[in-house]
Structure formats: structure tokens, C-alpha cells
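The values are calculated or read from the model by the stated rules, or taken from the named source; none is laboratory data. Predicted model only: the values in this text are computed from it and were never measured. Virtual Cβ from ideal backbone geometry, glycine too; neighbours counted across all protein chains shown. Note: areas computed on protein heavy atoms with side chains; ligands, DNA, RNA excluded. Shrake-Rupley method; radii C 1.70, N 1.55, O 1.52, S 1.80 Å.
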Amino acid sequence: MAMLEIRGLRKSFGGVQALAGVDLHVDEGEIVSVIGPNGAGKTSFFNVVTGLFLPDRGDILFEGKSIAGLEASEITKAGIARTFQNVRLFPDMTVLENVMVAQHCRTRSGIFRAILRTPFMRREEAEIEERAREILSFFGSRLVGYRFDQPAMSLSYANRRRLEIARAMATRPKLLLLDEPVAGMNPRETAELTGLIRKLRDEQGFTVVVIEHDMGVVRDVSDRVAVLDHGVKIAEGAYEEVSTNAEVIEAYLGRPAGAGR
Amino acid sequence: MTASAAGAGRYKRRPGWVDAFLWIVRIGALVVLVWGVAGTVVQGIAGEGPTGEAWRDLVVAGIAQGAMYGLIALGYSMVYGVLGFINFAHGEVFMAGGMVGFFVANYLWDIRFWETDFVLSVLLVLVTSILTSALVAVIVERVAYRPLRGSPRLIPLITSIGISFFLQYTFAGLFGVAVKNYPPPPDYMRNRIGILGLQIEVTKLVVIVVGAAAMIGLYLFVEKTRTGRSIRAVAEDKEMAALMGIDVDRTIVATFAVGGAMAGIAGTLWALLFRGVSFITGFLPGIKAFTAAVLGGVGNLTGAMAGGVLLGLFEGVGPQLVLAGFGIPGVSQLKDVVAFTALVLVLIFKPTGLFGERLSAEDRA
């Protein structure tokens with residue numbers, strides 16, 4: 001059984017069809033890349049899967065159960081987490097707090113426990129802080145030590161991207177959706193993050209779907225590549241197959257001159 | 001306001017007559033301030049005007065009043081931080097606490113418990129007031145603001161003005177328009193005790209201590225607890241908070257409940273300071289607390305507390321210090337003029353408030 005199964009997903013904004021009937025499945029333990037030219041519907045796809053937008057039609061099955069139409073918070077609880085193309089952290093909160101807040105979906109203490117500071121709640125707080133430190137150490141020395149207590153907005157761009165991944169990890173997802181994780185990074189940082197994406201699967205056990213424009217990264221990490229164009233999947237398969245597919249090349253580069261239909 | 005502030009930084013504008021006018025206002029305000037203070041000092045040297053003891057009393061009274069404003073201002077700031085609009089019904093949330101607290105106090109007086117155990121009585125009134133205000137705040141959120149979630153900011157703002165009148169006249173209809181006086185406190189509340197060289201009336205001391213404790217409690221709640229962290233996350237970016245699995249609606253309810261509880265505490269402090277409550281009691285303190293929130297930088301909790309205390313001080317000391325210097329009679333009745341002039345001046349000199357505004361991700365963009 002596929003971990004994520006998408007059937008005939010449609011979403012339009014006014015007259016624009018962002019998703020025009022997308023089918024996709026992701027198996028447990030896979031790294032699947034979603035590529036396509038700008039405006040192909042990749043981010044809309046993530047937005048619908050994570051519950052930020054309601055789908056117009058079609059179904060989204062996660063571990064066999066439909067999650068279409070659920071609240072974003074419930075989808076997170078079900079086990080899907082994501083990052084954003086244009087990094088969205090809580091800028092005024094500290095690095096550690098950003099990762100702690102992400103664990104709220106897995107903890108139970110309500111407002112009265114918070115005010116009364118019951119032993120249960122104190123233990124829980126200590127646990128999520130400990131786990132936050134552990135998750136941040138996944139990125140080596142970059143987000144640890146004095147950085148724990150710095151506000152997120154003071155981090156460098158690349159570190160903000162790393163923190164966003166850490167925060168997604170903290171929700172204890174089964175499926176991680178990464179939206180252009182290396183956008184704006186220099187070649188060295190890109191190479192480092194490519195390795196990390198593989199480690200997310202190999203060491204942390206996450207299934208990963210990644211939207212990416214950097215074909216080097218796509219080649220290095222993907223088990224499978226799906227190509228979207230104008231809201232439809234136009235190709236799917238191993239990187240080598242897809243990258244030589246005529247339709248894909250056309251979608252990216254346009255039709256060769258003189259080859260009119 | 002932010003757009004124009006950002007715009008001013010981005011483009012070099014040629015100074016126009018508005019700038020000239022604002023400079024005249026700035027200089028004029030400084031001249032009036034200096035002149036008034038100088039006049040008061042001259043009077044003081046001549047042996048007229050209030051004694052040193054009276055000055056210290058004004059300061060203490062100002063701080064006590066300011067602690068109350070600060071508590072109410074927190075509610076404005078929290079709601080603004082999370083939902084981005086000014087909840088003008090918050091003054092009535094404060095009034096509701098004081099009003100219902102009165103009935104408990106009155107009952108305790110009737111059964112003669114008020115005199116035998118004043119401290120416990122006040123605690124009971126305090127708890128009633130906190131619960132009432134929190135409940136009213138939560139109901140208002142549920143009934144009036146939640147259905148408007150996602151609509152332009154102006155709409156809940158106008159709704160809040162409507163709710164404000166609705167609550168005032170509901171209380172007037174239920175309990176009449178007459179001012180209700182809390183039963184008299186025992187005599188020792190009017191005693192003075194010496195602290196840090198100041199002779200402070202017990203009532204004012206209690207008000208200041210309770211106010212400070214509540215503010216510290218709220219600060220710790222917002223900064224150190226799980227729910228506080230949710231509130232900050234929702235204030236910064238609601239959509240993101242939802243993606244983190246935070247129940248945004250529940251967090252907003254918690255925000256209103258906590259803001260309401262602070263107003264409830266303020267309701268009891270008001271009763272200790274002034275004793276009289278009526279359906280209209282929420283109006284002026286509400287506007288003053290709003291002023292305090294703007295003074296400190298709306299959305300910023302530290303700013304709201306500091307703004308409250310500062311406003312109380314301006315009100316308490318300002319009339320005597322500045323206005324009396326011009327030989328104006330009966331200056332203490334002009335405290336509202338001083339308070340609102342202070343607001344106008346802060347907005348001219350530092351439009352984002354003394355401690356800076358806290359804006360959510362959407363507002364920053």
C-alpha cells in the first residue's frame with residue numbers, strides 16, 4: 001500500500017487551473033521529486049496536500065485514509081510536515097522555541113496545566129526541549145550552542161532553511177514535504193543539504209517528497225521523479241528516463257523551432 | 001502607518017508644510033512643558049504649591065492607577081497581537097468584572113462576612129471578577145469575532161464598538177444605571193506604611209503589588225508556558241501555527257480568556273481605589289488603557305505594562321507639574337487632557353510607541 005496516494009486532484013483559482021487532475025503515489029521509504037516549470041502547480045500541490053487549500057475534486061489518501069478536507073492541524077497530526085519555498089519561521093521566537101512549538105501537536109498539556117505547572121506538564125516541557133536540542137543537532141554544529149536562544153530572524157539564510165526542516169521534523173511526521181530546500185544556497189551548502197535529504201530518509205526514516213529546480217539535487221536524491229506542467233503530470237519515472245523525455249524537455253524549453261504540430 | 005513609515009525610509013521626500021507644522025508642534029510642546037515645569041518650580045521655591053509629601057502621594061497614586069491601566073492595556077495588546085484589531089469592547093469586559101464583583105461584595109457585606117474577614121472577601125470578589133471578565137471576553141470572541149475571522153480588519157473593529165455599547169446597555173438594563181458603591185473597606189486600608197522612604201496608603205500598596213504580580217505572572221505565562229508559546233506562534237503566523245498542529249481557534253480563545261482575566265483583576269483594583277462602579281465605568285479606563293497600549297507600542301506586552309504605568313504617572317503628576325505652572329486653577333481635573341496630550345505627543349515623536357509595535361508576519365509583509 002502506498003503511503004500517500006493522490007487521485008485526480010483538481011484545484012483552480014478563479015479561471016486558473018493550478019491542478020488539473022493529478023495522480024501520484026509515494027511509497028514508504030521513497031524519495032520522490034516533483035519538478036516542473038514555474039507555475040506548473042508544484043507548490044499548489046503541497047498546499048492542497050497539507051490542508052492549506054481545499055481540493056476542488058479528487059482524493060488524497062494517507063496510509064489508506066482520506067485526508068482531503070481535513071484541517072491543516074489535523075493533517076500535521078496524521079503525520080505530514082512541510083517546509084516552504086520562502087522560508088516561514090516564527091521570526092521573533094528563538095531557534096529552540098521554533099522547534100519546541102512544532103511539538104505541540106504531539107503533546108497534551110492544556111491551558112490549566114500550563115498555569116498550574118503540574119508535574120506532568122513540567123516533565124513534558126523538559127522532554128520537548130530535550131528533543132528539540134536533539135533534532136537541531138542533526139544539522140551538526142550549525143544550530144546548536146549559543147544559537148538555541150537566538151531569535152530565528154537573526155539566523156543566516158541557509159540556517160533559516162535548516163531550521164525550517166528541523167521544525168518540520170519536530171512534528172514527528174512520516175512524510176516530509178520539502179519545497180525547494182536548496183533555493184538560494186551556494187554550491188557547498190547545496191551539496192551538504194543534498195546529503196542531509198538522503199540522511200532524512202536513511203537515518204531518520206522519513207519518506208520524502210521534494211520540489212526542486214536544481215537538477216543536480218534531483219538526480220542525486222530521487223528514487224523517482226514526477227513532472228508537472230500546467231497542473232497535469234506529464235511524466236514520471238527514474239531521473240534518467242524523465243530527463244530525456246521529449247515532452248519534459250518541451251515543457252521546460254518550449255518546442256524546437258520548425259517542429260510545429 | 002507602517003506603509004508610510006517604510007515609505008519615508010525608502011524615498012527621500014522633500015520636506016513640505018506638514019513637516020514644518022509638525023516641527024512647530026514638537027517645539028511648541030517642549031516650550032509648554034519647560035515653561036510649565038519652570039513655573040511650578042518657581043512656585044515651589046516661593047513656598048506655594050504642594051508640599052514634598054503631596055508630590056510623593058501624587059506619584060504613588062499615579063503608579064497605582066497606572067498599574068490598573070496596564071492590566072487592561074494587556075488585553076488590548078494581546079488581542080491586537082493575535083488578531084490584528086483593537087477590541088474596543090475590552091473596557092466593558094473590565095466593567096463586567098467590577099460590576100459582578102460588586103454583587104458578591106454586597107452579599108458578603110449583608111452576611112457581615114466583609115467586616116470579619118476582609119482579605120478573604122476581597123479574594124472572593126477578585127476570583128468572581130476574573131471569572132466574569134474572562135467569560136465575557138470569551139463569549140464576545142465566540143459570538144461576535146469568530147464569525148468575522150478572515151474579513152478585513154475594519155469589520156471586527158467596528159463590531160467591537162457595537163459590542164461595547166451592547167454590553168454597556170445590557171448591564172444598564174440588567175442592573176440599572178445608578179452607581180453602585182462597594183462596601184467600605186476597614187479603616188486599616190487607609191493607614192499609611194513607610195516603604196523605601198515613602199508613606200504609602202495600604203490600599204494603593206495593595207493595588208500596586210497585585211498589579212505588578214499579575215503582570216509578572218502574565219509575562220511568565222506568555223514566555224515560559226506551552227500555551228503562551230502557542231499564543232506567540234499564532235500571533236506571528238496563524239497559517240504556520242496551524243501547520244505545526246496548533247489549534248488556532250482554541251489559542252485565540254485562550255488569548256481572550258487571559259486578557260479578560262487581567263481586566264477582571266483590574267476591575268477589583270478599581271473597586272479598591274474608587275469603590276463606585278456603573279455600566280459606564282468601562283468607558284474612560286478602556287480608552288485610557290488603549291492609550292497606554294499605543295503609548296507602549298501596541299501588540300507589545302512589556303510596552304502595554306510600561307505604557308500603563310507611564311500614563312498613570314502622567315495623569316497623576318502631569319497636571320500639578322506642568323499645568324499648575326501656568327497658574328491654572330483646579331488642575332487635577334484636567335488629568336484627562338494631560339493623558340491624551342501625552343498620547344498625541346508620543347504619536348508625533350515616536351509613532352510606533354515607546355517600545356515598538358509587534359506585528360504579525362502578514363502585517364510585516
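Here are some notes:
- Qualifying residue in segment A:242-259 (condition: at pLDDT 90 or above, open to solvent by less than 50 Å² (accessible area, probe 1.4 Å) and more than 30 Å from A:Cys105 (Cα to Cα)): no
- Exactly one residue out of A:Leu52, A:Leu19, A:Leu9, A:Leu70 is within 14 Å of chain B (Cβ to nearest Cβ) and in contact with a Gly (Cβ under 7 Å, 6 or more places away or on another chain), and it is A:Leu70.
- Some residue of segment B:268-286 being of a type in the set (Lys, Arg), away from chain A (no Cβ under 14 Å) and open to solvent by 10 Å² or more (accessible area, probe 1.4 Å): yes
- The residue list B:Val32, B:Val41 contains one member that is within 30 Å of B:Gly194 (Cα to Cα) and open to solvent by 70 Å² or more (accessible area, probe 1.4 Å), which is B:Val41.
- Answer residue from segment B:205-236, given it is touching a Phe, Trp or Tyr at 6+ places or on another chain (Cβ under 6 Å) and of a type outside the set (A, V, I, L, M) and is surrounded by the most Cβ atoms within 10 Å (Cβ to Cβ) among those: B:Glu236
- In segment B:245-254, the residue that is farthest from the chain's Cα centre (by Cα) out of those that are open to solvent by 20 Å² or more (accessible area, probe 1.4 Å) and at the interface with chain A (Cβ under 8 Å from one of its Cβ atoms) is B:Asp247.
- A:Ile80 meets all of the listed conditions (1) within 27 Å of B:Arg250 (Cα to Cα); (2) open to solvent by 10 Å² or more (accessible area, probe 1.4 Å) but one, namely (2).
- At least 3 residues being at pLDDT 80 or above, farther than 19 Å from B:Ala38 by Cβ and in contact with a helix residue (DSSP H, G or I) (Cβ under 9 Å, 6 or more places away or on another chain) is the threshold, and among the helices (runs of 4 or more DSSP H) wholly inside segment B:297-365 those reaching it are B:301-318, B:335-349.
- Filtering segment B:162-200 to residues that are among the aliphatic types (A, V, I, L, M), within 21 Å of B:Ala96 (Cα to Cα) and open to solvent by 70 Å² or more (accessible area, probe 1.4 Å) leaves B:Leu174, B:Val177, B:Val179.
- Test: residue in segment B:173-184 that is over 21 Å from B:Asn106 (Cβ atoms) and modelled with pLDDT of 90 or more: no
- As a summary of the residue check, B:Thr51 satisfies the conditions (1) under 30 Å from B:Pro185 (Cα atoms); (2) surrounded by 13 or more Cβ atoms within 10 Å (Cβ to Cβ) except for the one numbered (2).
- Matching residues, segment A:14-71, being open to solvent by 50 Å² or more (accessible area, probe 1.4 Å) and over 28 Å from A:Gly205 (Cα atoms): A:Gly14, A:Gly15, A:Val16, A:Gln17, A:Asn38, A:Gly39, A:Leu54, A:Asp56, A:Arg57
- Options B:Ala257, B:Ala214, B:Ala242, B:Ala233: the member that is at pLDDT 90 or above, under 22 Å from A:Glu124 (Cα atoms), within 14 Å of chain A (Cβ to nearest Cβ) and in contact with a helix residue (DSSP H, G or I) (Cβ under 6 Å, 6 or more places away or on another chain): B:Ala233
This table checks each residue for (1) open to solvent by less than 40 Å² (accessible area, probe 1.4 Å); (2) at pLDDT 85 or above.
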residue: A:Phe120; (1), (2): no, no
residue: A:Glu125; (1), (2): yes, no
residue: A:Arg133; (1), (2): no, yes
residue: A:Leu136; (1), (2): yes, yes
residue: A:Arg142; (1), (2): no, no
residue: A:Gly145; (1), (2): no, no
residue: A:Gln150; (1), (2): no, yes
residue: A:Asn159; (1), (2): yes, yes
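- Tally of residues being away from chain B (no Cβ under 13 Å), assigned to a loop (DSSP other than H, G, I, E, B) and not hydrophobic (A, V, I, L, M, F, W, C) across segment A:133-175: 6
- When A:Phe84 is tested against the conditions (1) of a type outside the set (A, V, I, L, M); (2) part of a loop (DSSP other than H, G, I, E, B); (3) assigned by TED's automatic domain parsing to the domain that holds A:Lys199; (4) closer than 22 Å to B:Arg232 by Cα, the lone failure is (3).
- Enumerated helices (runs of 4 or more DSSP H) restricted to segment B:78-155, each holding at least 1 residues that are within 22 Å of B:Gly286 (Cβ to Cβ): B:90-110, B:118-140
- Selection status of B:Gly330, small (Gly, Ala, Ser) and open to solvent by 10 Å² or more (accessible area, probe 1.4 Å): yes
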